[in-house]
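Notes follow once the structure below has been shown.
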Amino acid sequence: QLPLVPKQIYNLGISDADAYSKKTAGKVFAELDGAQQDTLLQKFESGEAEFVQLPAKLFFSYLLQNTREGFFSDPIHGGNKEMVGWKLINFPGARADFMDWVERGERYPFPPVSIRGERG
């Protein structure tokens with residue numbers, strides 16, 4: 001366990017990711033094409049990439065977990081704009097009850113609803 005808060009993990013991880021990217025691909029991570037980024041992300045996830053300031057796997061795990069949280073978060077919290085993540089997977093959002101649909105094995109027919117009552 002490291003004595004770091006998430007902001008520090010991100011700052012150090014982004015710095016190390018860019019340094020590793022420059023060393024192995026000649027450009028910072030954001031300048032790489034999608035395939036190159038995917039390759040590096042796989043190396044971060046597996047720990048094959050060696051970071052200087054913290055383990056690459058740790059940085060990747062924070063990045064993945066926070067991405068999942070953003071994907072499923074309510075737009076009231078500033079992410080998942082227009083409920084795009086929910087629409088992508090047909091998630092109902094903050095509806096009071098949809099459990100009867102879960103057991104039907106059918107696609108849920110209604111748009112997602114945010115905490116504010118906005119409909120997707």
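The values are calculated or read from the model by the stated rules, or taken from the named source; none is laboratory data. Everything numeric in this text was worked out from a predicted model, so none of it was measured. Because the Cβ atoms are built from the backbone with ideal geometry, glycine has one as well, and the counts that use them run over all protein chains shown. To get the accessible areas, we keep the full protein, side chains included, count just its heavy atoms, and leave off ligands, DNA and RNA. Shrake-Rupley method; radii C 1.70, N 1.55, O 1.52, S 1.80 Å.
Straight-line cross-link partners of residue 57 among the lysines, defined as a Cα under 24 Å from its Cα and at least 8 positions apart when in the same chain: 7, 22, 23, 27, 43.
Measuring nothing but how far apart in sequence close Cα pairs (under 8 Å, 6+ apart) lie, relative to its length, the chain scores a relative contact order of 16 percent. Partners of residue 87 within straight-line reach, counting aspartates and glutamates whose Cα lies under 19 Å from its Cα and excluding those fewer than 8 residues away in the same chain: 69, 74, 97, 106, 118.
Using a 1.4 Å probe on the protein heavy atoms, what percent of the accessible area of the chain belongs to carbon and sulfur? Intermediate results must be reported in sequence, preceding the final value.
Details: 4420 of 8210 Å².
Taking all protein chains in place, the chain shows 54 percent carbon and sulfur surface.
Considering only 18, 38, 100, the Gaussian network model of the chain with Cα springs below 10 Å gives its largest mean-square fluctuation to 100. Let me have the 222 nm mean residue ellipticity of the chain computed from DSSP H runs of 4+ only, each contributing -39500 (n - 2.57), with the sum over all residues rounded to the nearest 500. Computed mean residue ellipticity for the chain: -15500 deg cm²/dmol.
Loop-only check: which GluC sites (Glu not before Pro) in the stretch 1-104 are DSSP coil with at most 14 other Cβ within 10 angstrom? Mind showing how you got there, number by number?
Values: sites: 31, 45, 48, 50, 69, 82, 103; in loops: 48, 50, 103.
In loop regions of the stretch 1-104 (DSSP not H, G, I, E or B), the sparsely surrounded GluC sites (Glu not before Pro) are 48, 50, 103.
Which angle between 0 and 90 degrees, to the nearest 10, do you get for helix 34-46 versus the longest principal axis of the chain when only C-alpha atoms count? That works out to roughly 80 degrees. Extension gain for residue 28-residue 81 works out to 16.3 nm (0.36 nm per residue, less the C-alpha to C-alpha distance). A Stokes-Einstein calculation at 10 °C with viscosity 1.306 mPa s, built on the Kirkwood radius of the chain over Cα pairs, returns a diffusion coefficient of 95 µm²/s. Working from Cα positions, state the angle (0 to 90°, nearest 10) between the long axis of helix 56-72 and the longest principal axis of the chain. Between the helix axis and the principal axis of the chain, the angle is about 20 degrees. Phi angles across the stretch 5-17 convert, under the Karplus curve 6.51 cos²θ - 1.76 cosθ + 1.60 with θ = phi - 60°, into 3J(HN,Hα) values of 8, x, 4, 5, 4, 5, 4, 5, x, 5, 4, 5, 4 Hz, Gly and Pro given as x.
Of the trypsin sites (Lys or Arg not before Pro) found in the stretch 27-102, not one falls in a DSSP loop while having at most 12 other beta-carbon atoms within 10 Å.
Here the gap between residue 88 and residue 65, fully extended at 0.36 nm per residue and compared with their Cα-Cα distance, gives a gain of 6.4 nm.
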